[in-house]
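The next block holds one structure in the form of structure tokens; read it before the comments.
The values are calculated or read from the model by the stated rules, or taken from the named source; none is laboratory data. From a predicted model like this one, the values you see are computed outputs, not experimental measurements. Here the Cβ positions follow ideal geometry from the backbone for every residue, glycine too, while neighbour counts run over all protein chains shown.
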Amino acid sequence: MKKKIFYWSPHINEQIATVKAVVNSALSLIKYSKNYDPTIINVFGEWNSLKNLLNDKNLNFKNLINLNIKLPINGFLKSRIFYTFLSLVILIPLYKFLRKEKPDYLIIHLITVPVLILCFFFNFKTKFILRISGYPKLNFLRKIFWKLVSKKIYKIFTPTQITKKMLIDNGVFNENKIFLLRDPIISISNLNTLKRQKISKDFNHNNYILSIGRLTKQKNFQFLVKAYALLKKEVMHLPKLIIIGEGEEKNNLNDKIRENNMEKDIFILGYKSNVFQYLHKSLFFLLSSSWEDPGFVLVEAAASNKLILSSNVLSGPKEFLYNKSSGFLFEKENITDFKNKVKYILSNINSKEIFINKVNAKKNSKNYTLFFHFKELIKLL
């Protein structure tokens with residue numbers, strides 16, 4: 001009989017990296033094994049559109065409740081209020097759902113509180129696996145709560161070694177329960193197909209640096225626009241900067257671009273379902289985030305054989321790149337360091353050093369394929 005693996009990942013924005021990680025993890029089980037039956041829990045209808053797109057992938061979805069309300073896609077406070085509301089509403093339906101479905105494993109990604117409450121107060125045969133990325137803010141109450149719940153958690157997965165180490169050092173969780181499981185980001189066969197697709201005719205730039213990400217404060221595009229405008233004053237024939245993404249910061253970023261008279265130098269293209277065709281033709285890739293764990297676009301750029309310049313933030317980029325080994329890092333919020341690194345890269349873009357960095361980064365990206373994730377996941381279950 002197949003083992004039932006359920007994924008819990010309620011969300012209000014399907015463009016976040018966690019959604020892609022959940023889908024790819026489930027698809028890896030379908031593709032490489034007949035012993036597991038992966039199912040994504042459609043908590044309140046948030047998976048409906050992706051469910052239709054994935055109709056031909058034999059991926060199971062099971063509905064929990066229906067919410068006929070407008071979701072707060074943007075805004076930190078609105079999303080937190082909604083998450084609190086959702087946590088209260090789904091407790092009883094989720095309890096009944098788990099008793100009925102009896103999954104062998106439940107991998108918990110987002111809005112973890114209701115699942116952990118049930119895990120703590122009731123006994124299920126299900127093995128609860130908590131996936132933690134970044135480093136959660138552990139106030140006094142959360143620390144106590146997680147300390148209590150951790151006793152009934154089967155295992156904890158982290159996508160980077162740095163996050164794993166931080167959790168161990170914190171002492172909230174039993175070290176023997178914490179394991180590294182890298183996210184499934186790259187499908188090699190899909191990558192080769194996607195990068196060959198033609199860019200739309202209205203895009204006529206052939207000399208550009210690329211940055212990709214949701215237009216949120218986390219991605220720190222405000223810094224990137226400001227720093228690039230200052231760099232423009234120092235570098236003749238500076239390549240265009242192309243930003244791909246959508247989000248609540250779009251209007252602010254466009255204002256920032258106009259304020260710095262960079263309308264002919266920085267372009268925001270919006271959301272693109274296929275970023276690989278843009279990566280393929282770019283000079284190199286820029287990541288300005290305030291934090292990442294590990295940073296999906298970072299891995300996608302590396303797999304596309306592109307040099308990467310990233311902000312030196314804790315966890316993902318630092319671990320993936322190894323400064324001047326697989327890419328370049330600039331100190332977070334340091335405009336001078338950013339400008340110097342960009343100028344150095346542009347001056348040495350065809351050098352052996354840059355070539356070696358790209359080769360090393362591409363090699364690192366192979367640890368984030370669907371097959372590699374599948375092998376590691378099966379070992380840990």
Worksheet item: Within the set of pairs 6 or more residues apart or between chains, which connect a residue that is at positive phi inside the stretch 305-321 to a residue that is at pLDDT below 90 and of a type in the set (A, V, I, L, M, F, W, C) with Cβ atoms less than 8 Å apart?
Response: Ser315/Ile162; Ser315/Trp291
Discussion item. Just to be sure before I move on: is Leu194 assigned by TED's automatic domain parsing to the domain that holds Leu314, surrounded by 15 or more Cβ atoms within 10 Å (Cβ to Cβ) and either among the small types (Gly, Ala, Ser) or touching a helix residue (DSSP H, G or I) at 6+ places or on another chain (Cβ under 6 Å) (or both) in the structure I sent?
Written reply: yes
Worksheet entry | Output for the stretch 129-155, where each listed residue is in contact with a Phe, Trp or Tyr (Cβ under 6 Å, 6 or more places away or on another chain) and of a type in the set (Val, Ile, Thr) | Ile129, Val149, Ile153
Discussion item. Would you confirm, using the coordinates I've provided, whether Ile308 is out of contact with any Pro (no Cβ under 7 Å at 6 or more places or on another chain), over 18 Å from Ile185 (Cα atoms) and of a type in the set (A, V, I, L, M)?
Written reply: no
Item to complete: Please list, ordered by first then second residue, the pairs with beta carbon atoms under 6 Å, 6 or more apart or interchain, first in the stretch 281-298 and closer than 17 Å to Ile162 by Cα, second aliphatic (A, V, I, L, M) and surrounded by fewer than 24 Cβ atoms within 10 Å (Cβ to Cβ).
Response: Trp291/Val313; Phe296/Ala17
Worksheet entry | First in the stretch 10-39 and crowded, with 20+ Cβ neighbours inside 10 Å, second anywhere and assigned to a helix (DSSP H, G or I) and small (Gly, Ala, Ser), Cβ under 9 Å, 6 or more apart | Pro38/Ser25; Pro38/Ala26; Pro38/Ser28
